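Chemist: Before I ask anything, let me first share the structure, which is written out below as structure tokens.
The values are calculated or read from the model by the stated rules, or taken from the named source; none is laboratory data. Keep in mind the model is a prediction, meaning the values are calculated, not measured. Ideal geometry is used to build each Cβ from the backbone, glycine not excepted, and the neighbour counts take in all protein chains shown. Accessible surface areas use protein heavy atoms only, side chains included; no ligands, DNA or RNA. Shrake-Rupley method; radii C 1.70, N 1.55, O 1.52, S 1.80 Å.
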Amino acid sequence: MEKPLWSPSAQFVKDANLQHYIQWLQKNRGLSFHDYQELWQWSVDNTAEFWKSLWEYFNILHDGEIKNILTGDQMPFISWFEGTRLNYAEHVFRKSTDVQPAIIHQSEDGNPIEISWQELTDQTASIRDCLKQLGIKKDDRIAAYMPCIPEATVAFLAANAIGAIWSSCSPDFGVNAVIDRFSQIEPKVLFAVDYYCYGGKTFERADVVAELVKAIPSIEKVILLSSKNTIAENYIHWKDASGKRNLSLTFERVPFSHPIWVLYSSGTTGLPKAITHSHGGILLEQLKYGTFHNNFKPGERCFWYTTTGWMMWNYIHGSLLAGATMVLYDGSPGYPNLTALWKFIQDAQINHFGTSASFILANMKEQLKPSTLFDLSSLRSIGSTGSTLPEEGFNWIYQEVKQDLWLASMSGGTDVCSAFVGGNPLWPVYAGEIQCRALGCNLNAFTEDGEPIFNEVGEMVISSPMPSMPIYFWNDPDYKRYKESYFEMFPNVWRHGDWIKITQHQGIIIYGRSDATLNRGGIRIGTSEVYRAVDKVPEVKDSIVICLEKKGGEFWMPLFVVMKEGYELTFEIKKKINQTIRQEFTPRHVPDEIIAVPDIPYTISGKKTEMPVKKILAGKNPTEVLASGSLKNPESMTFFINLVKESNPLS
């Protein structure tokens, strides 16, 4: 039998929030479960009953009576908890205490700074009052162009307290990317900064803010966080808006399905989809996932490295709902070097550390040993998301970070602002596997014919509704883009677009995006398998692989690599790459050609993306493929555009 990398102790299981919920169900519902798998099965077989149990377990503050827990017979046309009114921010502030800080924040050039619950309350009440003075009311949109700093959280909570609809972009987004997003929702107020720091450099943003105001006529006021005392007309200085004290903080309760925020897809295949979630759906989902699957506890310190342009910023605010301290970092995870965040764990005494698989793999490639450099005794769990974490990443965590550590890999998306699969404090951790399907998430692997399969690779699908699924896409009144995004392949079943396998442990392995599948003669290959092998070649910094069908039914599968500084792609290194891929997997995984490139395309949220490259090499018009501002590094596409111009690889 495969040996787990980590197993929870009896005390760890006993203390787990999930175990307390199981005991609550037995006491209050007369339900008994032998193990987590039985609990999960009940949660997806009894959708309405499960989510109603969470409503009661978490004592949701609300007005009105529940008319229907779940209304509708097929996705996406589902309504939840009709007849009730609530407010997300109200549930955040009911956890306020003078015993612990609400937020701990650090910039890359500073030390951790604590913000008390009283200060958070005062600033939120003051910003709320400012917004009310500007005439902001329920349903109005509030946008932010701010880094991952406490002021962004204050602005969100203040807008939320009114019932206004939030949306944010990180200041590393270019002007066109922001316009593509915010112009869709027509915000009345823009929170912004006139500069931000990253990687030891300062980037001015005053001109960008001015361009945004000019391009988006709905913006009536800008509340600007600035180091300068003089600001433009129609601007309000943050210190003036947030400086009032002794104001009461009140909350507008809104219908369960009232929009809480608008998030955006990457936009690599067109105008970014404006994904709209509900107050109640996000509240219940964050309480469920953070409490049970992250095991956040009152008083603990919870961190996820993110920017305000990635859904993990929205997600980590759920730690406040659990009564924990939210920890934020503003800056580069690699400045001045890759040890910065490990030192942050030590200095801020972080209990739950969330990061990306790419960060873990970068540390592994650099052969870092954080456990020998810093005191990580406070660290209880590590969360990983953003892309697939291979077995080697799991092993590195337990060898070089900490042995007694719960590694809770997770996967979900902007689509639900949460995870479908993730951590389970009652189960062991196996290398390369996400531990479990989340409660209330009826996730399966399907064949192309829509048949469920086990211990085989298939399409990731969700067969039952979840409250945090989007209520709609903004400006999509007939649900056309919504249905095209999730419901075209299988009627009334959410197809997420990942290849997965549900293992004998009931864990999940993700093999990459199904829309970027490598199809060699009818054999499907996950991109993650190729990347996992290439990551073992020390001379290679990064890579991207695609597969295209040529005329006559033949396939061309090139691997593009970025070499580490000081190395060139030689015949010997190509041979090493091919041998490594063949040894790790099969000859079918070996590429037809290996080509050195200057850079690999990434979305603004930092995810490697194969589709633009695939479409360019297939002969698509670059102006149609490359949506404005969709890529973090659009210059990376120049090589592929020129490759097609110089020699059509599919001819």
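Chemist: Between a first residue in the stretch 289-314 that is under 16 Å from A348 (Cα atoms) and open to solvent by 10 Å² or more (accessible area, probe 1.4 Å) and a second residue that is assigned to a loop (DSSP other than H, G, I, E, B) and of a type in the set (V, I, T), which pairs have beta carbons less than 8 Å apart while being 6 or more apart in sequence or on different chains?
Modeler: What qualifies is G299/V99; R301/I350.
Chemist: Something else now. Assuming L157 fulfils every condition listed in (1) outside any helix (DSSP H, G or I); (2) modelled with pLDDT of 95 or more; (3) not acidic (D, E) apart from one, which condition is it?
Modeler: The number of the failed condition is (1).
Chemist: Next question, about the same structure. Among the residues of the stretch 322-340, are any over 30 Å from T372 (Cα atoms) and not in a loop (DSSP other than H, G, I, E, B)? First the steps, then the outcome.
Modeler: Going through the stretch 322-340, the residues over 30 Å from T372 (Cα atoms) turn out to be 322-323.
Filter once more, keeping what is not in a loop (DSSP other than H, G, I, E, B): none.
No - not one qualifying residue is present in the stretch 322-340.
Chemist: Within the stretch 1-41, how many residues are under 18 Å from G422 (Cβ atoms) and touching a Ser or Thr at 6+ places or on another chain (Cβ under 9 Å)?
Modeler: Step one: filter the stretch 1-41 for residues under 18 Å from G422 (Cβ atoms), giving 4-8, 12-13, 16-19, 21-22, 35-37, 39-41.
Filter once more, keeping what is touching a Ser or Thr at 6+ places or on another chain (Cβ under 9 Å): 17-18, 21-22.
Counting residues in the stretch 1-41 that are under 18 Å from G422 (Cβ atoms) and touching a Ser or Thr at 6+ places or on another chain (Cβ under 9 Å) gives 4.
Chemist: Of everything in the stretch 442-468, what is of a type outside the set (V, I, T), in contact with a Gly (Cβ under 9 Å, 6 or more places away or on another chain) and open to solvent by less than 40 Å² (accessible area, probe 1.4 Å)? Give them in sequence order.
Modeler: Of everything in the stretch 442-468, those that are of a type outside the set (V, I, T), in contact with a Gly (Cβ under 9 Å, 6 or more places away or on another chain) and open to solvent by less than 40 Å² (accessible area, probe 1.4 Å) turn out to be N444, A445, F446, E459, M460, S464, P465, M466, P467, S468.
Chemist: Additional query: Suppose the filter is aliphatic (A, V, I, L, M) and in contact with a Leu (Cβ under 6 Å, 6 or more places away or on another chain); does A89 pass it?
Modeler: Values: aliphatic (A, V, I, L, M): yes; in contact with a Leu (Cβ under 6 Å, 6 or more places away or on another chain): yes.
For A89, the condition - aliphatic (A, V, I, L, M) and in contact with a Leu (Cβ under 6 Å, 6 or more places away or on another chain) - is met.
Chemist: Residues to consider are S266, S358, S319; find the one that is assigned to a helix (DSSP H, G or I), open to solvent by 30 Å² or more (accessible area, probe 1.4 Å) and of a type in the set (S, T, N, Q).
Modeler: Values: S266 fails: assigned to a helix (DSSP H, G or I); S319 fails: open to solvent by 30 Å² or more (accessible area, probe 1.4 Å).
After applying the criteria, what remains is S358.
Chemist: So the check is Cβ under 8 Å with 6+ separation or different chains; which pairs have a first residue in the stretch 35-58 that's closer than 18 Å to D73 by Cα and β-branched (V, I, T) and a second one that's modelled with pLDDT under 95 and open to solvent by 50 Å² or more (accessible area, probe 1.4 Å)?
Modeler: none
Chemist: Still on this structure, please answer the following. Just give me the residues in the stretch 219-246 being surrounded by fewer than 16 Cβ atoms within 10 Å (Cβ to Cβ) and either in contact with a Lys or Arg (Cβ under 9 Å, 6 or more places away or on another chain) or charged (D, E, K, R) (or both), in sequence order. Walk me through it before giving the result.
Modeler: Taking the stretch 219-246 and keeping what is surrounded by fewer than 16 Cβ atoms within 10 Å (Cβ to Cβ), we get 220, 227-230, 232-234, 239-240, 243-246.
If the condition is that a residue be surrounded by fewer than 16 Cβ atoms within 10 Å (Cβ to Cβ) and either in contact with a Lys or Arg (Cβ under 9 Å, 6 or more places away or on another chain) or charged (D, E, K, R) (or both), then E220, K228, E233, N234, K239, D240, K244, R245 are the ones that fit.
Chemist: Can you name the number of the only condition in (1) at pLDDT below 95; (2) touching a Leu at 6+ places or on another chain (Cβ under 9 Å) that G309 fails?
Modeler: (2)
Chemist: Next question, about the same structure. Mind checking which residues of the stretch 30-63 are open to solvent by 70 Å² or more (accessible area, probe 1.4 Å) and either in a helix (DSSP H, G or I) or in contact with a helix residue (DSSP H, G or I) (Cβ under 8 Å, 6 or more places away or on another chain) (or both)?
Modeler: S32, E38, Q41, D45, E49, E56
Chemist: Could you grab the pairs with beta carbons closer than 6 Å, sequence gap of 6+ or different chains, first residue in the stretch 450-466 and farther than 14 Å from V416 by Cα, second one assigned to a strand (DSSP E or B) and small (G, A, S)?
Modeler: Once the first residue is farther than 14 Å from V416 by Cα and sits in the stretch 450-466, its partners that are assigned to a strand (DSSP E or B) and small (G, A, S) give I453/A445; G458/A445.
Residue by residue, here is whether (1) crowded, with 19+ Cβ neighbours inside 10 Å; (2) touching a Leu at 6+ places or on another chain (Cβ under 8 Å); (3) part of a loop (DSSP other than H, G, I, E, B) holds:
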{"residue": "P470", "(1), (2), (3)": "yes, no, yes"}
{"residue": "D478", "(1), (2), (3)": "no, no, yes"}
{"residue": "S485", "(1), (2), (3)": "yes, no, no"}
{"residue": "P491", "(1), (2), (3)": "no, no, yes"}
{"residue": "Y531", "(1), (2), (3)": "yes, no, no"}
{"residue": "S543", "(1), (2), (3)": "yes, yes, no"}
{"residue": "V561", "(1), (2), (3)": "yes, yes, no"}
{"residue": "Y567", "(1), (2), (3)": "no, no, yes"}
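Chemist: Still on this model: Name the pairs whose Cβ atoms lie under 7 Å apart, with the first residue in the stretch 587-599 and touching a residue at least 40 places away in the same chain (Cβ under 8 Å) and surrounded by 14 or more Cβ atoms within 10 Å (Cβ to Cβ), the second assigned to a loop (DSSP other than H, G, I, E, B) and of a type outside the set (G, A, S), and 6 or more positions between them or separate chains?
Modeler: P591/M557; D599/N633
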